[in-house]
1. Of these, A:64, A:70, which one is in contact with a Phe, Trp or Tyr (Cβ under 9 Å, 6 or more places away or on another chain), over 27 Å from residue A:135 (Cα atoms) and of a type in the set (Lys, Arg)?
2. Could you tell me which residue of the range B:163-191 is modelled with the lowest pLDDT, considering only residues that are part of a helix (DSSP H, G or I) and out of contact with any helix residue (DSSP H, G or I) (no Cβ under 8 Å at 6 or more places or on another chain)?
3. Hand me the list of helices (runs of 4 or more DSSP H) wholly inside the range A:1-110 holding 2 or more residues that are at pLDDT below 95 and aromatic (Phe, Trp, Tyr).
4. From the list B:40, B:13, B:71, B:77, pick out the single residue that is of a type in the set (A, V, I, L, M) and more than 22 Å from residue B:184 (Cβ to Cβ).
5. Looking only at the range A:141-162, filter to residues that are in a helix (DSSP H, G or I) and of a type in the set (Ser, Thr, Tyr); which one of those is nearest to the other protein chains (Cβ to nearest Cβ)?
6. Is it fair to say residue B:92 is away from every other protein chain (no Cβ under 14 Å), in contact with a Pro (Cβ under 9 Å, 6 or more places away or on another chain) and polar (S, T, N, Q)?
7. Residues in the range A:163-181 that are buried (at least 16 other Cβ atoms within 10 Å of the Cβ), hydrophobic (A, V, I, L, M, F, W, C) and facing another protein chain (nearest Cβ under 7 Å): how many?
8. Check B:61, B:35 and return the single one that is in contact with an Asp or Glu (Cβ under 6 Å, 6 or more places away or on another chain) and more than 18 Å from residue B:92 (Cβ to Cβ).
2 protein chains.
Amino acid sequence: MEVDRSMVRRGILFVISGPSGVGKGTIKEALLKKFPDIKLSISATTRSRREGEIDGRDYFFLSKQEFNSKLQNNEFLEYASVYSNMYGTPKQYVIDNIITGNDVLLEIDIQGAQKVKGQMPEGVFIFIQPPSIEVLAERINVRGKDSPESIQTRMAASQEEMAMVVHYDYVIMNDKLDEALNKVEAIITAERCRVKNNIKR
Amino acid sequence: MEVDRSMVRRGILFVISGPSGVGKGTIKEALLKKFPDIKLSISATTRSRREGEIDGRDYFFLSKQEFNSKLQNNEFLEYASVYSNMYGTPKQYVIDNIITGNDVLLEIDIQGAQKVKGQMPEGVFIFIQPPSIEVLAERINVRGKDSPESIQTRMAASQEEMAMVVHYDYVIMNDKLDEALNKVEAIITAERCRVKNNIKR
């Protein structure tokens with residue numbers, strides 16, 4: 001059976017971004033439960049797998065050789081080196097889903113979001129903000145997985161990154177998680193009602 | 001005590017519009033309950049008061065002389081003659097609220113919405129759509145307050161008006177009221193999270 005593509009609306013790319021430790025991952029997980037029809041964009045990385053992470057769900061864990069091979073084939077929407085590890089967003093998966101009318105969720109750091117915006121400016125870019133720099137510091141410390149030097153570096157970077165909010169469509173302060181979550185859910189529901197997102201191709 | 005106006009965000013004008021009989025009024029009432037901080041823009045009209053309507057709540061009921069006087073003083077954001085009655089949206093109330101940071105809700109027909117958009121293009125324009133022309137006809141008949149001729153005229157106008165959706169920001173089909181309501185609420189919550197609506201003046 002042939003699909004009449006003229007009747008298929010394009011999917012929407014939702015980008016959840018913000019400084020490290022702000023709670024992007026928790027929000028992402030909750031969104032996937034609330035909207036089971038949204039496809040999660042899974043990043044590729046060369047960093048080592050952390051406890052609880054599953055290959056193909058949290059990341060595609062690649063060797064440096066594998067990563068570089070895909071890089072040379074222009075298979076990433078964006079890529080970056082963070083703490084000497086490589087991260088990248090596989091391009092084809094995002095584009096295929098959007099063309100067939102599936103919405104895609106991408107959780108990514110601020111630098112990555114800017115690069116994705118350069119390639120897909122029609123995406124919906126959501127900035128998750130900590131209530132304050134102090135709260136951000138606490139949250140990063142609570143993790144207890146990083147060295148004090150690493151935390152210091154990340155805090156300094158975060159302060160610069162906070163100013164990047166002006167390049168986003170939406171900003172949500174993650175003070176109380178359930179309130180922040182309601183707002184992200186509202187954004188997804190609202191964007192699906194946009195006239196420009198309901199024009200049949 | 002002086003207000004530091006540099007710290008006040010501007011309010012948002014939400015315009016709920018759509019063909020006659022689509023359920024705009026019901027949605028408006030529900031929104032005001034859900035968001036008690038939103039100010040309702042009340043129209044002025046020369047038409048006679050219907051049962052249950054209250055002056056200053058549903059409309060400002062004016063004589064033709066009073067209406068024309070305000071018209072000459074340029075006190076309306078838009079105005080129109082419908083079935084030989086005059087309708088107008090008082091301008092100052094909307095502008096005052098937006099400047100002081102209050103969101104304003106305006107329920108208005110499609111022609112009125114287009115005129116408001118000409119003066120306030122930064123508003124958020126939401127089009128409420130009937131599930132089908134047949135359902136719209138049923139709903140108009142259910143009211144039982146209008147003559148068959150009036151219904152016919154309104155149906156024909158509605159079909160033309162439906163094409164105006166392309167000039168709106170959002171479109172919501174009012175098939176099931178609670179679902180339509182959830183979507184309008186999501187739009188209000190989402191728009192309040194827009195970066196451009198959170199920049200302090």
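1. Working: A:64 fails: in contact with a Phe, Trp or Tyr (Cβ under 9 Å, 6 or more places away or on another chain).
Unique residue meeting the criteria: A:70.
2. B:163
3. Numbers: elements: A:24-34, A:64-72, A:91-99.
It comes to none.
4. Going through B:40, B:13, B:71, B:77 in turn, just one is of a type in the set (A, V, I, L, M) and more than 22 Å from residue B:184 (Cβ to Cβ): B:71.
5. First, the residues of the range A:141-162 that are in a helix (DSSP H, G or I): A:141-143, A:148-162.
Checking which are of a type in the set (Ser, Thr, Tyr) leaves us with A:150, A:153, A:158.
On the way: A:150: 30, A:153: 27, A:158: 18 Å.
For the range A:141-162, the residue satisfying everything is A:158.
6. The answer is no for residue B:92.
7. Residues of the range A:163-181 buried (at least 16 other Cβ atoms within 10 Å of the Cβ): A:164-165, A:168-174, A:180-181.
Pick out the ones that are also hydrophobic (A, V, I, L, M, F, W, C) and you get A:164-165, A:171-173, A:180-181.
Those still in the list that are facing another protein chain (nearest Cβ under 7 Å) too: A:165, A:171-172.
Count: 3.
8. Testing whether each residue is in contact with an Asp or Glu (Cβ under 6 Å, 6 or more places away or on another chain) and more than 18 Å from residue B:92 (Cβ to Cβ) leaves just B:61.
The values are calculated or read from the model by the stated rules, or taken from the named source; none is laboratory data. As the structure is a prediction and not an experimental result, all values here were calculated from the model. Because the Cβ atoms are built from the backbone with ideal geometry, glycine has one as well, and the counts that use them run over all protein chains shown.
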